[in-house]
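The block underneath contains the structure these notes are about, expressed in structure tokens.
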Amino acid sequence: MEFTIRKGEKKDITQALSLIKELAAYEKAPGEVAVSVEEMEEDGFGENPVYKFFVAEIEHKIVGISLFYIKYSTWKGKCVFLEDIIVTEPFRKRGVGKKLFDEVVKVAKELNVRRLEWQVLEWNDHAIKFYEKANSHFDSEWINCKLTDKEIQEYKL
């Protein structure tokens with residue numbers, strides 16, 4: 001199976017969003033995807049882009065993406081955060097995810113960042129095994145925290 005990896009473009013957003021929705025279904029949260037094509041276009045290709053992505057493509061069909069952005073650590077400085085690697089079900093376990101991960105690692109090297117970070121669900125054994133092969137550090141000290149859009153709006157200033 002031949003596939004190519006390239007930088008994501010604005011024209012890829014519709015297919016990328018389909019993969020994001022597929023991931024949400026896999027993670028048992030299909031109703032949680034709130035982002036639209038228009039938002040992704042603005043956020044990735046507007047005046048102040050906040051993310052970049054790579055696509056894995058077979059015969060002009062996108063079968064995988066890796067989406068990442070730059071974050072800043074008060075202790076480490078510039079870091080890359082890998083938000084997601086998504087490979088559509090029929091193309092998993094064929095090296096697509098590894099190549100998408102490799103591209104993000106290349107970016108981290110080129111930017112000379114001190115850390116590449118991501119999260120993995122504790123029940124996602126396939127992803128955990130994938131990251132173990134990459135010699136990843138699994139951090140049990142930190143707890144993920146977040147405010148949802150509703151909680152942000154209701155927050156008392």
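Each row is one residue, and each column tells you yes or no for (1) more than 13 Å from the chain's Cα centre (by Cα); (2) crowded, with 17+ Cβ neighbours inside 10 Å; (3) hydrophobic (A, V, I, L, M, F, W, C); (4) not in a helix (DSSP H, G or I).
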residue: Ile13; (1), (2), (3), (4): yes, yes, yes, no
residue: Ser66; (1), (2), (3), (4): no, yes, no, yes
residue: Tyr72; (1), (2), (3), (4): yes, no, no, yes
residue: Trp75; (1), (2), (3), (4): yes, no, yes, yes
residue: Val80; (1), (2), (3), (4): no, yes, yes, yes
Of all residues in region 105-127 being exposed (fewer than 15 other Cβ atoms within 10 Å of the Cβ) and among the acidic types (Asp, Glu), the one that is nearest to Lys7 (Cα to Cα) | Glu110
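Select from region 134-157 the residues that are loosely packed, with under 10 Cβ neighbours inside 10 Å and either assigned to a helix (DSSP H, G or I) or in contact with a helix residue (DSSP H, G or I) (Cβ under 9 Å, 6 or more places away or on another chain) (or both) and list them in ascending order.
Within region 134-157, Phe138, Asp149, Lys150, Glu151, Ile152, Gln153, Glu154 qualify.
Quick one: in region 50-60, of everything that is exposed (fewer than 12 other Cβ atoms within 10 Å of the Cβ) and out of contact with any helix residue (DSSP H, G or I) (no Cβ under 7 Å at 6 or more places or on another chain), which residue is farthest from Phe81 (Cα to Cα)?
Checked region 50-60; the qualifying residue farthest from Phe81 (Cα to Cα) is Glu59.
None of the figures in this text is laboratory data; all of them are computed from the coordinates on show. What you are looking at is a predicted structure, and each value in this text was computed from that prediction instead of being measured. No Cβ is skipped: glycine too gets one built from the backbone with ideal geometry, and neighbour counts run over all protein chains shown.
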